[in-house]
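Structure first, commentary second.
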Amino acid sequence: MKSLLTFSFFLIFSSTIFSQSWKTYPYTPTGSLISFPIDEGRHSAEPVEWWYTIGHIIGDSTGNHYSYMLTYFHFPQFSFDGFRILNLSNDDTGLFFDETKALNYNIMATDSLNIEADIFMGGTETWRNKTDTFGNALPFEYEISASASNGNLDLNYNSVKPPLILADSGFLHQGSTDYTYYYSQTKNTVIGTISFDGITENVTGTSWIDRQYGTFNPSSGQKYEWFSIQLSNDMDLNVWNIFTNDNLIPDTSTFRIMSVYVDDTTQYTTSNFEIERLAYHYMPDSLMCYSQKWRMTSAINNIDII
């Protein structure tokens, strides 16, 4: 019995180590131009860069379902280094709040993820690697603190899947003239606190991180649809449709992009998919119309979802 227990423990221990073999610094996925933690930091040679996260969290006290989006852009304009977007939503009541503000960065490390942002007419916000008691970075673990006029977030992230490296190497062309370096962290556990609509409570949930740097600029007027999709079979999809000036989507890898996380050892990027728009929403002034419901299919990938 003793040897059986020892053998069983060895199997469990070995399986755990193997499945988490990516969770270390430094880490460079096979064939990738992206390395961690250095490429989590600022790239001073690139004109546009952003750190983006979205999440779904549940309040421990109220059971409220919240969602949020937080983005820090490095894109110098006028006297500012960039801007921050913070959206907060109570998905049960439909209450939604969004805030975009200019900022300057007090800290923006180039060798790791360490952002300290001074928000214009606001406070100081941070997004950085968590550290152990000796000050060493904990691989793929982060702490985020952001505050807007109608709410704030203090969250801890722990990535539970290896990064999804778009186009295998992490470098791809987007649209007609732009390039980008790109990776996603498609599933992170979240714990922390939220203050929103007069309620402060502990929360738990999951999140997605997107990282891009290069010449592609989402604020330049180039129109696109982007989806981050977590499926119940544990696959994750990063999907882009980029429109030409004629509102067309060429059937090429620069305008039609789907990167798929299958499991810890399998991921790929393809243009073999179609998106059908099933519903629309007009803005109150009827000048702008947005897609509101979609059907995405891909025969070669056996995907058919709404």
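The values are calculated or read from the model by the stated rules, or taken from the named source; none is laboratory data. Since the model is a prediction, treat every value here as computed from it, not as a measurement. Cβ sites come from the backbone with ideal geometry, for glycine too, and all protein chains shown count toward neighbours. When the accessible area is computed, the model is the full protein with side chains, heavy atoms only, and any ligands, DNA or RNA have been set aside. Shrake-Rupley method; radii C 1.70, N 1.55, O 1.52, S 1.80 Å.
Is there a residue in the range 224-239 that is modelled with pLDDT under 95, farther than 22 Å from N158 by Cβ and buried (at least 17 other Cβ atoms within 10 Å of the Cβ)?
no
Could you tell me whether the range 194-201 includes any residue that is assigned to a loop (DSSP other than H, G, I, E, B) and not aliphatic (A, V, I, L, M)?
Yes - at least one qualifying residue is present in the range 194-201.
In the set D210, D264, which member is closer than 21 Å to E40 by Cα and open to solvent by 60 Å² or more (accessible area, probe 1.4 Å)?
D264
Is at least one residue of the range 190-213 modelled with pLDDT under 95 and over 25 Å from T270 (Cα atoms)?
yes
If you check D210, D234, D251, which single one turns out to be in a strand (DSSP E or B) and acidic (D, E)?
The match here is D210.
From A109, A117, which residue is touching a Gly at 6+ places or on another chain (Cβ under 6 Å) and within 20 Å of G41 (Cβ to Cβ)?
None of the other options fit; the residue is A109.
Could you list, in sequence order, the residues of the range 278-304 that are modelled with pLDDT of 95 or more, open to solvent by less than 50 Å² (accessible area, probe 1.4 Å) and under 20 Å from L231 (Cβ atoms)?
Hits for the range 278-304 are M296, T297.
With surrounded by fewer than 20 Cβ atoms within 10 Å (Cβ to Cβ) and touching a strand residue (DSSP E or B) at 6+ places or on another chain (Cβ under 7 Å) as the only criterion, which of T252, T204, T186 stands out?
Exactly one residue qualifies, and that residue is T204.
Enumerate the pairs (first residue in the range 291-306 and in a strand (DSSP E or B); second residue anywhere and buried (at least 16 other Cβ atoms within 10 Å of the Cβ) and not aliphatic (A, V, I, L, M)) with beta-carbon separation below 9 Å, excluding pairs fewer than 6 apart on the same chain, so at least 6 apart or on different chains.
M296/F273; T297/F273; S298/F273; I303/F273; D304/S298; I305/W294
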